[in-house]
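The structure appears below as structure tokens.
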Amino acid sequence: MQASRRIRTAMSNTLYDQPVQKAEAYYLPQFQTLDNHLSGNQSIYHSPSTTSFSSNGNSICHQASQTYLSDVRQSPETNDGSPISGSCITDDVNDFMHKLKELETVMLGPDSDFLECCDNSLSSNIASQEIDSWRQMMEAFPRRDLKQVLIACAKAVSDGELQTAQVLISELRQMVSVSGEPMQRLGAYILEGLVARLAKSGSSICKSLRCKEPASYELLSYMHVLYEICPYFKFGYMSANGAIAEAMKDENRVHIIDFQIAQGSQWVPMIQAFAARPGGPPHIRITGIDDSTSAYARGGGLNIVGQRLSKLANTFKVPFEFHAAAMSGSDVQLENLGIRSSEALAVNFAFTLHHMPDESVSTENHRDRLLRMVKNLNPKVVTLVEQESNTNTAAFFPRFLETLDYYTAMFESIDMTLPRGHKERIHVEQHCLARDVVNIIACEGVERVERHELLGKWKLRFRMSGFSPYPLSSLVNATIKTLLESYSDKYRLEESDGALYLGWMNRDLVASCAWK
């Protein structure tokens, strides 16, 4: 999940404020900025406690990386050479609705040049009988059911029925809204994915989502909000930290390899908890793997992560080292990890393995290669957190249905936390979720980097690589249940076959497990 990279970036300036004597210090943070905690200043985060989501404006697909945000994060310029500006929706309340209308016009307006070639060729061919067919088609949908129209449009795109797809796209443009009900908001981004797919060029998706990347401090704010209003990431990081803490409780030297460290925020509570361990803290070394696409949101390279975590460790008198591996996870080789035989090893795969190309994309199959490499290192524990979704090798139409179902649950859950009219909702959905949706729908081959698998498939991969299950902590499970109670009774936590599942109503959203 690309949002996870940004979530962890937003979290990285924060510090768990719970007393380190409590077991919860491993798992559940209260936020304030890391630097300001150390200096005694107040937090710079001033965003309201409620939030929202949104979809980005630069290139979504990119052909040479396991992530697809490098355009905007590796450079202070957008694809067309223009400097990165602030959010596409102004913070001026008086101007907000006007800007919102502009956004929807740009995204959904019929004059979009993104499908101009399709519009010109198709509109000239739609004669009166086509209009009659369109009317009959729309009458077949009871109450203009948005979900059914989206599905019909995707089916038309899948079957190559371009005229049908075009008239349905025209109708959908009148039905979706980035500020409406959950299905209307999700529909706006799904529609952009369908439009982009019809253009038959994933690299053109940047034209369909035209808002500029927000300034890094704004992006951190949006991701902070996402982290606070949705328990998905807290669930994943808490469960992973619990397994690592349990495996390392008697070790004197600990090495943690994080395959998507962002700004290292996951390890803040771990350092604090180890500081309070009876008998004193272990020596902790963290290897942070993260390619340069995170540099924009971080405001710099991995040295920033090392400096912040080192300051924290020094404050709590924990012996600490940081090793930076600035590269894509799929490029990692054994020599990049700095393995020492004197250290107990933990490896963390949180919301990252689904970005690694597998046998369906590359003959190198980095997904399984990394698992075999890690197994050969004889780790004490390996943690896996992934979205419970099946979009890796599925053909377009079943993949579309899966994406629609998955993100419907996610968008509905957001409604339980944020007022529907809250303007930050649009920022959060746009900059944190929409890119993933569009990438899954519009891209194929190496350009599609959001390739989720169900936990059953992940288990098969781990077992084939020689791993066996490692039990999750019962204390963590109880802590997560308490966490969910503070959100909504529609969230559910289920433990099955050694794994934890977080769901919304009847839909599993995130799965977590550990291996050895």
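The values are calculated or read from the model by the stated rules, or taken from the named source; none is laboratory data. Just so it is clear, the structure is predicted and the values come from calculations on it, not from any experiment. For neighbour counting, all protein chains shown are included, and Cβ atoms are generated from backbone atoms with ideal geometry for every residue, glycine included. The protein model used for the area step is the full one, side chains on, heavy atoms only, and it has no ligands, DNA or RNA in it. Shrake-Rupley method; radii C 1.70, N 1.55, O 1.52, S 1.80 Å.
Quick look at the values:
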{"read-out": "Contact order relative to length of the stretch 387-516, as percent, for alpha carbon pairs under 8 angstrom and 6 or more apart", "value": "30"}
{"read-out": "Net charge dipole size for the stretch 274-424 [Lys, Arg +1 and Asp, Glu -1 on Cβ; Debye, nearest 20]", "value": "820"}
{"read-out": "Peptide ranges 273-284, 251-262 listed from the most packed, as the mean C-beta count within 10 angstrom indicates", "value": "251-262, 273-284"}
{"read-out": "Potential extension, Leu377-Ile339 segment - 0.36 nm per residue separation minus Cα distance", "value": "12.9 nm"}
{"read-out": "Shape category assigned to the stretch 365-516 from the gyration tensor of Cα positions, a/c cut at 1.5", "value": "oblate"}
{"read-out": "Per residue accessible area of the stretch 383-446, 1.4 Å probe, in Å²", "value": "24"}
{"read-out": "Percent accessible area from carbon and sulfur atoms, the stretch 222-299, protein chains only, probe 1.4 Å", "value": "44"}
{"read-out": "Burial ranking of peptide ranges 233-244, 359-370 (average Cβ count within 10 Å, highest at the top)", "value": "233-244, 359-370"}
{"read-out": "Rounded to the nearest 10 Å², the accessible area of Asp405 at probe 1.4 Å", "value": "70"}
{"read-out": "Among the listed pairs Lys249/Lys317; Lys490/Lys516; Lys459/Lys490; Lys481/Lys516; Lys155/Lys457; Lys234/Lys481, those beyond 23 Å (Cα-Cα)", "value": "Lys490/Lys516; Lys459/Lys490; Lys481/Lys516; Lys155/Lys457"}
